[in-house]
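The values are calculated or read from the model by the stated rules, or taken from the named source; none is laboratory data. Predicted, not measured: the structure shown is a model, and the values here were computed from it. Methodologically, a virtual Cβ is constructed for each residue, glycine included, from the backbone with ideal geometry; neighbour enumeration extends over all protein chains shown.
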Amino acid sequence: MSSLSVQHLLGIKYLNEKDIQLIFETADHFKEVINRSIKKVPSLRDITIANVFFENSTRTRLSFELAEKRLSADIVNFSAAQSSVKKGETLIDTVNNILSMKVDMVVMRHPNPGAGVFLSKHVKAAIINAGDGAHEHPTQALLDSYSIREKLGDVAGKKVVIVGDILHSRVALSNIFALQLQGAEVKVCGPRTLLPKHIESLGVEVETNLRKALNWCDVANMLRIQNERMDMSYFPTTREYTQQFGINKNLLDSLEKEIVIMHPGPINRGVEITSDVADSRQSIILNQVENGVAIRMAVIYLLASMIK
Amino acid sequence: MANNPMSQKVLLTSKEIHIILHRLACQLLENHLEFKETALIGIQPRGIFLARRLAHILKESYGVKHIDLGYLDITFFRDDFRRGDKTLEASSTKMDFLVEGRKVVLIDDVLYTGRSIRAALTAIQSFGRPSEIELLTLIDRRFSRHLPIQPNYRGRQVDAINEEKVLVHWEENNGKDIIYLINK
C-alpha cells in the first residue's frame, strides 16, 4: 500500500483490482466526510483542477466540481460551447493554454474516444476521463460498483445485467471492465441493433429477453437510449422499445427474487424505466449520485497525491 | 523484533506502562470528575489504543459510568500531503456524539513534532466548537517540536534525537505492552 498503479484515470481497462479496492476504501472515508456537518477537508488546497467539458453534462460535472470543492482544490471550469474551440483551436492548444495558467489536473469529457489518452501523452497534468465518446466513463463504473458493494456487501460473484443502448454507451463498457475485474458476472440485454458486434469477446453473455435477464440477475443497470448519438433508426418506435426493454412495476414484482435497480442518469421516465420503479425501494439511483461525489473525491485525492 | 538489525532499548516495560496509565487516568479524573461534559478522542491510527485503555481504566477501576469515546482521523488535514513519497492512507473517524460546547481531550501515543496535533485541532472543528481542548500523550519527545504545542497530561518525557524512533506496542495489537526506543 498504497498508491494507484496509474498516474491518470483514463479508463477502467488501465486499472487493476488493487486500484479499485484502494479507491473504494478511500471513498469510504470520504463518504463519512461528506456526511459531516462541515463537509470540507483541506487536503488539496495547493492543487488547481480544470474541468474541461467538450460535451454536455450536468450530473458528472456537478459531481466532479463538488468533489473538488470538498477537497479544497481551486477549480476552473471550461465548456466548449462558450470557448475558442468553436473558433478552430485544437484540443492540445486549448488544454496547454489552460495548463500555462498552472493547472495540475484536468477532468475532461470529450465526444471522441481516446481523447483522454491522447491528452495524457501530450500535456503535463494528471488527466481524469469524465467520458470519451462511446468508449469509457471510469468514474461512473467505479461509483456503480461501489454502490453495489454498499448495497449487497460485495461485488464478487454478483450477477449484473446491463440493459439498453449498449452500442452507444461508455457507461456499459466501463462497467463491464470494472465488474469483471472484481469477479462479477455480466450480461447485456437490449435490441440486437443496439448491441455491439462481437461483444461476447469481452466475456459477457447476450440476452435479448428482458424477463429472462432480470430473473437471472442480482442487479439491473438500466441505460438510457442515447438519441443524440444515433445517426439512424435502431428500433421502430420508442413505444415498442419500452414494451420489450423497459422495466415497469408489474415486471419487477413478478420476478422470482428481489433485484437491485440502478440507472446512471439522466432517466427518461416511462421509456427504459417507469417512475414507480425508479422511485421504488429496490432502486439505488440516488445512492449512486451520492456515492459519485465520494468516489470522485477518492480518485482525485489518490491521483493528486502523486503529483510532484 | 528479535531478528531486527536496528539497535533498540526498552523505554517502558509493561508494568511501568500499567502504572503510568493509572496515573494518567487519575489526572483526568481530577480535572473531569464525572466526564459528563468531556469527550475522549483518540487520534488515528495509533492514539485509539491509548484512548480505549484509559476509558476502560476509568470505568473499571474508578467507577466512571459513561465516557464518550471517539476516534478522529486526521489524514485529510495533514500538512504533508504530496510532500512524501507515499500516498497518505486514511483511517476511519468514529464520533457518535457532538463536541459542540464540550471539553475534548485529544489522545495520542507519541508527541513528536506536534504536526499531527495541529491537524487534529483543525479536524475537530468539522464536528463543532469544543469549549476547551486538552492534549494527553503517553510519550512526550521534548526538544523535537516544530510547533508551539505542549501536552496537558504526559506519561513520560523522553529526550530522543531525530535518528531515534519511539515504538509503542499494545497488548491488543502486538501481544504485549512495551515501548522501545529504536535507533534507525
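Looking only at the stretch B:149-184, residues that are hydroxyl-bearing (Ser, Thr, Tyr) and in contact with a helix residue (DSSP H, G or I) (Cβ under 6 Å, 6 or more places away or on another chain) come to 1 in all. Here's a check for you: in the stretch B:84-96, which residue that is polar (S, T, N, Q) and surrounded by 16 or more Cβ atoms within 10 Å (Cβ to Cβ) is farthest from the other protein chains (Cβ to nearest Cβ)? Filtering first and then ranking leaves B:91. Of the residues making up the stretch A:184-209, those that are surrounded by fewer than 21 Cβ atoms within 10 Å (Cβ to Cβ) and not in a loop (DSSP other than H, G, I, E, B) are A:185, A:187, A:192, A:193, A:199, A:200, A:201, A:202, A:205, A:206, A:207.
Assess whether residue B:102 counts as being within 14 Å of chain A (Cβ to nearest Cβ) and basic (Lys, Arg). No; evaluated as a whole, the condition is false for this residue.
Pairing each residue of the stretch B:59-78 that is touching a residue at least 24 places away in the same chain (Cβ under 8 Å) and among the charged types (D, E, K, R) with any residue that is buried (at least 19 other Cβ atoms within 10 Å of the Cβ) and outside any loop (DSSP other than H, G, I, E, B), provided the two are 6+ apart or on different chains, yields C-beta distances under 8 Å for B:68/B:38; B:68/B:39; B:68/B:40; B:73/A:29; B:73/B:123; B:78/B:116; B:78/B:119. Output the residues belonging to the stretch A:123-153 that are of a type in the set (D, E, K, R) and over 18 Å from residue A:294 (Cα atoms). A:124, A:132, A:136 - these are the residues of the stretch A:123-153 that are of a type in the set (D, E, K, R) and over 18 Å from residue A:294 (Cα atoms).
Only residues that are charged (D, E, K, R), crowded, with 17+ Cβ neighbours inside 10 Å and farther than 20 Å from residue A:46 by Cα were counted in the stretch A:74-124, giving 1.
Restricting the stretch A:8-45 to residues that are among the basic types (Lys, Arg) and touching a strand residue (DSSP E or B) at 6+ places or on another chain (Cβ under 9 Å), the residue that is nearest to the other protein chains (Cβ to nearest Cβ) is A:45. Just a yes or no: is a residue in the stretch B:50-72 crowded, with 21+ Cβ neighbours inside 10 Å, within 11 Å of chain A (Cβ to nearest Cβ) and closer than 19 Å to residue B:117 by Cβ? Looking for residues that are crowded, with 21+ Cβ neighbours inside 10 Å, within 11 Å of chain A (Cβ to nearest Cβ) and closer than 19 Å to residue B:117 by Cβ, one finds none in the stretch B:50-72, hence no.
If you filter the stretch A:57-69 down to residues that are within 18 Å of residue A:265 (Cα to Cα) and out of contact with any strand residue (DSSP E or B) (no Cβ under 8 Å at 6 or more places or on another chain), you find that the one that is nearest to the other protein chains (Cβ to nearest Cβ) is A:66. Of the residues making up the stretch B:68-77, one or more are assigned to a loop (DSSP other than H, G, I, E, B) and under 20 Å from the mean Cα position of the chain (by Cα). Of all residues assigned to the stretch A:167-175, at least one qualifies as being closer than 22 Å to residue A:107 by Cβ, charged (D, E, K, R), out of contact with any helix residue (DSSP H, G or I) (no Cβ under 7 Å at 6 or more places or on another chain) and not in a loop (DSSP other than H, G, I, E, B).
Yes/no matrix, rows are residues, columns are (1) within 14 Å of another protein chain (Cβ to nearest Cβ); (2) loosely packed, with under 13 Cβ neighbours inside 10 Å; (3) at pLDDT below 90; (4) not in a strand (DSSP E or B):
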site	(1), (2), (3), (4)
B:82	yes, no, yes, yes
B:98	yes, no, yes, yes
B:109	no, no, no, no
B:116	no, no, no, yes
B:155	no, no, no, no
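In the stretch A:149-183, which residues are of a type in the set (Gly, Ala, Ser) and surrounded by fewer than 22 Cβ atoms within 10 Å (Cβ to Cβ)? Passing the criteria: A:153, A:156, A:157, A:183. In summary, residue B:105 fulfils each of the numbered conditions (1) in contact with a His (Cβ under 9 Å, 6 or more places away or on another chain); (2) in contact (Cβ under 8 Å) with a residue 60 or more places away in the chain; (3) part of a loop (DSSP other than H, G, I, E, B) with the single exception of condition (3).
Of the residues making up the stretch B:119-148, those that are within 14 Å of chain A (Cβ to nearest Cβ), touching a helix residue (DSSP H, G or I) at 6+ places or on another chain (Cβ under 7 Å) and either surrounded by fewer than 21 Cβ atoms within 10 Å (Cβ to Cβ) or more than 16 Å from residue B:97 (Cβ to Cβ) (or both) are B:119, B:122.
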